[in-house]
1. Work out, step by step, the length gained on full extension between residue 37 and residue 58: first 0.36 nm times the residue separation, then minus their alpha carbon distance; give nm to one decimal.
2. Multiply the residue gap between residue 68 and residue 2 by 0.36 nm, knock off their C-alpha separation, and tell me the result in nm, one decimal place.
3. Note the direction-averaged projected area, equal to a quarter of the hull surface, for the Cα convex hull of segment 29-85, in nm².
4. Go through 74-83, 18-27, 59-68, 2-11 and give me the packing order, highest mean Cβ count within 10 Å leading.
5. Suppose R0 equals 35 Å. What FRET efficiency, 1/(1 + (r/R0)^6) with r the Cβ-Cβ distance, do residue 24 and residue 111 give to the nearest 0.05?
6. If you average the sequence gap of Cα pairs under 8 Å that are 6 or more apart and divide by the length of segment 36-86, what percent do you get for the contact order?
């Protein structure tokens, strides 16, 4: 027999009273307040395009020398990882075996394989 915990039961009761579905809600945050300013991201990407061999530590040092306030090299590294400037594989287009391949692409591949 499966029993539901008290915390879950009260959560479901509250959702039912509010007219919400009883299914689990997304745990993804609605806003990312800790994300840095878009201007800083643009400056990091621009500097990285000018100097593709520079890493996060050197880019941070250079940005500070230019008078741009940067919290830490890890911030620049996170921007580089998120934006991936100069990297052709950073596009959001689906790849054949990549993580972002859509179901339609797989259906097309299966259909093509079936006709051979």
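Every number in this text was worked out from the coordinates using simple rules, so none of it is lab data. This is a predicted model, so every value here is computed, not measured. Here the Cβ positions follow ideal geometry from the backbone for every residue, glycine too, while neighbour counts run over all protein chains shown.
1. Numbers: separation 21, 0.36 × 21 = 7.56 nm, distance 1.98 nm.
Extra length from residue 37 to residue 58 when fully extended: 5.6 nm.
2. Numbers: separation 66, 0.36 × 66 = 23.76 nm, distance 5.73 nm.
Length gained between residue 68 and residue 2: 18.0 nm.
3. Details: hull surface 15.5 nm².
Hull-based average projected area comes out at 3.9 nm².
4. 74-83, 59-68, 2-11, 18-27
5. On the way: r = 34 Å, r/R0 = 0.98.
Here the calculated transfer efficiency is 0.50.
6. Numbers: 34 pairs, mean separation 21.3, N = 51.
Dividing the mean separation by the residue count of segment 36-86 yields 42 percent.
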